[in-house]
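Read the structure below first, then the notes.
What follows draws every value from the coordinates through simple rules; no lab data is involved. Just so it is clear, the structure is predicted and the values come from calculations on it, not from any experiment. A quick note on method: Cβ atoms are made from the backbone with ideal geometry, for glycine too, and the neighbour counts reach across all protein chains shown.
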Amino acid sequence: MRSMPVPYSDLFLTEYATIDCEFPHRVADIYLAISSISEFIEPEPVDVEDLLPCHSTSLVESVQNHPEVFQIAVLSAGGAVKAAEIALYWSPFALIRPLGYHAGIDFNGGFCFFNNIAVAIRKLVVSGLIKKAPIVDIDLHYGNGTVDIFRNDPDVTFRNISGHSRENFFTQFEAAIEDAEGFDIVACSAGFDTYMHDWGQLLLASDFKTVGARIASCHKRIFSVFEGGYYLQDLGKNVRAYPDGFLEACS
Ligand SMILES: [Zn+2]
């Protein structure tokens with residue numbers, strides 16, 4: 001079984017001003033849980049010019065006013081970019097922090113500063129490496145920032161899974177990936193707060209393995225970016241199940 005490339009930096013363990021539940025231990029626990037199946041890759045921070053296809057100058061400057069946060073936010077976006085570039089030949093999972101999908105063109109919030117997955121997709125588009133992509137959002141919450149950024153972009157479609165039951169989650173998920181082959185790459189906003197003991201109260205730990213295996217089977221080029229997931233006791237186990245499903249499907 002091959003390992004999974006995982007853009008990750010110890011800098012993601014930095015303490016910075018955020019809400020209590022978005023603490024560095026989330027990433028530290030996941031790191032331990034997936035280390036035996038992962039090839040960790042140090043990302044490089046993105047440049048401001050990589051942010052501007054997604055964010056306004058004023059939003060970028062508002063984060064720059066907090067240098068420590070800016071340093072880790074551009075590295076997190078760089079982790080997503082690294083994952084997107086690796087996805088051209090193998091399927092990575094970006095273990096990054098801060099998360100990104102609530103950051104829009106001219107706003108941020110929900111523990112997000114820059115929209116990591118959007119910056120990564122736009123970087124591939126600007127580089128001429130891809131043209132069309134769906135973003136499949138399996139996080140419990142609606143990726144309002146991602147929607148805002150791609151609102152007028154017919155080439156990037158946003159598929160939010162908002163299941164009201166476990167069964168309905170999988171119905172929506174299958175619908176979200178059924179036409180994936182018609183795109184150049186598939187991106188997944190991989191949140192784990194749909195877990196039965198997390199805010200969503202929907203999925204079993206084993207369901208994340210099913211999700212990983214199914215999304216791995218939908219396209220040759222896929223990259224996943226860590227978003228939410230706050231039930232620390234089982235977060236490592238839940239996130240581990242996702243690449244386990246990927247690797248099993250691809251072995
Ligand atoms: Zn969430």
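Okay, here's what the table says:
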quantity: Residues with amide H under 5 Å from that of PHE158, placed H, sequence gap 5 or more; calculated: ILE135
quantity: For the chain, the longest site-free run once GluC sites (Glu not before Pro) in DSSP loop states with at most 15 other Cβ atoms within 10 Å are removed; calculated: 16-177
quantity: Reach of LYS209 by Cα under 16 Å, taken over lysines that are not fewer than 8 positions away in the same chain; calculated: LYS237
quantity: Phi-based couplings in Hz for region 64-69 (Karplus 6.51, -1.76, 1.60; Gly and Pro marked x); calculated: 4, 5, 10, x, 5, 5
quantity: Gain on full stretching of the segment that runs from VAL147 to HIS164 - 0.36 nm per residue minus C-alpha separation; calculated: 4.0 nm
quantity: Under 5 Å, built H, 5+ apart or other chain: amide partners of SER38; calculated: MET4
quantity: Built amide H within the under 5 Å cut-off of LEU202, gap 5+; calculated: TYR195, MET196
quantity: Projected label distance in nm at GLU15 and SER127, using a 7 Å step from Cα toward the beta-carbon; calculated: 3.6 nm
quantity: Packing-based exposure ordering (other Cβ within 10 Å, fewest first) of CYS250, CYS188; calculated: CYS250, CYS188
quantity: Net charge of Cβ neighbours under 11 Å - reference ARG240; Lys, Arg +1; Asp, Glu -1; calculated: -1
quantity: Among 234-246, 128-140, the order from most to least packed when residues are scored by Cβ within 10 Å on average; calculated: 234-246, 128-140
quantity: Charge tally in the Cβ shell below 14 Å around ASP198, where Lys, Arg are +1 and Asp, Glu are -1, ASP198 excluded; calculated: -4
quantity: Farthest positive-ward along the chain dipole, Cα basis, beta-carbon charges - from PHE150, ALA103, VAL186; calculated: VAL186
quantity: Under 14 Å, Cβ to Cβ, from PRO5 - net charge with Lys/Arg +1 and Asp/Glu -1; calculated: 0
quantity: Cα-centre dipole for region 31-173 with unit charges at Cβ (Lys and Arg positive, Asp and Glu negative), debye to 20; calculated: 420 debye
quantity: Lys, Arg +1 and Asp, Glu -1 on Cβ, resulting dipole of the chain about Cα centre, debye, nearest 20; calculated: 540 debye
quantity: Table column - 3J(HN,Hα) (Hz), region 178-183, Karplus curve with 6.51, -1.76, 1.60, x for Gly and Pro; calculated: 5, 9, 4, 5, x, 10
quantity: 3J(HN,Hα) from dihedral phi, region 91-96, Karplus parametrisation 6.51/-1.76/1.60, rounded to Hz, x for glycine, proline; calculated: 9, x, 10, 7, 8, 10
quantity: Whole-angstrom Cα spans of region 4-250 along principal axes, big to small; calculated: 43, 38, 33
